[in-house]
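Colleague: I am attaching a structure below and will ask some questions about it afterwards.
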Amino acid sequence: MISACNNIRPNLVGDYPEIDPTALIDPSAQIIGNVKVGKNVFVAPLAVIRSDEPGPDGKVSPIILGEECNIQDGVIIHSHGGDIVSIGERSTVAHGAAIHGPCEVGIGCFIAMRSTVYSASLEAGVWVGMNATIMKTTLEAYTYVPAGAVIRSNRDALDLRLVSEKEKTYMDNVLLATNRLREDYRRMLTARSAG
């Protein structure tokens, strides 16, 4: 794991982030408390991932980032006390999106710029369009939420279509580009620290 020390810190009850050594965390990102970061995760500049609010039992539930998650610039991830946030492996959370738990984001989801996901469950491969809001609902696998949509209940999700092959390809390409970027940054930072 490559990062500055002061941006990764414990919460008030003493939970310290657990970050896989292959993850790349930008020094301007903030990782606080009971956060579990998996292999080859990329956390871009100014992201805030903060697990610090105790539940009724006094314990702080985790925020979990699965392998190869792509957390882009300015993303905010937080949760109510006692509630878990889980982002499935190979999911992308794009610039300026907010995820507030309790939330479960499945494997290979795409949450576009400035979107909000609150108290929701997204199964695998869900696409959330730019500036959409998903709250208090469950979206089935490969559901496509158009830009600007507001989904407040399972009833609001009834007319949504499935993700197209073109959109699946786009999601895969974003992840591939970010993985390349992560590795390029890793090489640059390793060379800098060796020199």
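The values are calculated or read from the model by the stated rules, or taken from the named source; none is laboratory data. As the structure is a computational prediction, the values presented were derived from the model and not from experiment. Note that each Cβ is placed from the backbone with ideal geometry, even for glycine, and that neighbours are counted across all protein chains shown. Quick note on the areas: whole protein, heavy atoms, side chains included, nothing else; ligands and nucleic acids left out. Shrake-Rupley method; radii C 1.70, N 1.55, O 1.52, S 1.80 Å.
Colleague: Leaving out ligands and nucleic acids, and using a 1.4 Å probe, what accessible area per residue does the range 124-170 come to in Å²?
Modeller: Spelled out: the 1.4 Å probe surface of the range 124-170, per residue, equals 61 Å².
Colleague: Turning to a different aspect of this structure: Could you give the radius of gyration (one decimal) and Dmax (whole number) of the Cα atoms in the range 87-195, in Å?
Modeller: 15.5, 58
Colleague: Could you give the dipole magnitude of the range 14-100 about its Cα centre, charging the beta-carbon of Lys and Arg +1 and that of Asp and Glu -1, in debye to the nearest 20?
Modeller: 60 debye
Colleague: About the Cα centre of the range 99-195, how large is the charge dipole given +1 on each Lys and Arg Cβ and -1 on each Asp and Glu Cβ? Please answer in debye to the nearest 20.
Modeller: Numbers: 12 positive and 10 negative charges, 81 e Å.
In debye, rounded to 20, the range 99-195 gives about 380.
Colleague: I would also like to ask the following. Give the residue from P56, C69, N11 lying farthest towards the positive end of the charge dipole for the range 1-110; charges sit on Cβ (+1 for Lys and Arg, -1 for Asp and Glu) and the dipole is referred to the Cα centre.
Modeller: Going by the Cα projections, it comes out as N11.
Colleague: Which of rounded, prolate or oblate describes the range 1-86 when judged by the alpha-carbon gyration tensor and an a/c cut-off of 1.5?
Modeller: Since a/c reaches 1.5 and a/b is larger than b/c, the shape of the range 1-86 is classed as prolate.
Colleague: Note the angle between two axes, namely the Cα long axis of helix 165-194 and the longest principal axis of the Cα atoms of the chain, as a number of degrees from 0 to 90, rounded to the nearest 10.
Modeller: 10 degrees
Colleague: Starting from the residue with the highest accessible area, list S51, S119, S193 in decreasing order, probe 1.4 Å.
Modeller: The ordering from most to least exposed comes out as S193, S119, S51.
Colleague: Need one number: nm distance between label points at M188 and H95, each 7 Å from Cα along Cα→Cβ, rounded to one decimal.
Modeller: So the label points at M188 and H95 sit 1.6 nm apart.
Colleague: Kindly identify the chain as rounded, prolate or oblate by the Cα gyration tensor criterion: order the square roots of the eigenvalues as a ≥ b ≥ c, call it rounded if a/c is under 1.5, otherwise compare a/b with b/c, prolate if a/b is larger, else oblate. Could you put the intermediate results ahead of the total?
Modeller: Working: a/c = 2.35, a/b = 1.25, b/c = 1.88.
Note, shape of the chain comes out oblate.
Colleague: With +1 assigned to the C-beta of every Lys and Arg and -1 to the C-beta of every Asp and Glu, and no other charges, what is the dipole magnitude of the chain about the Cα centre in debye, to the nearest 20?
Modeller: 380 debye
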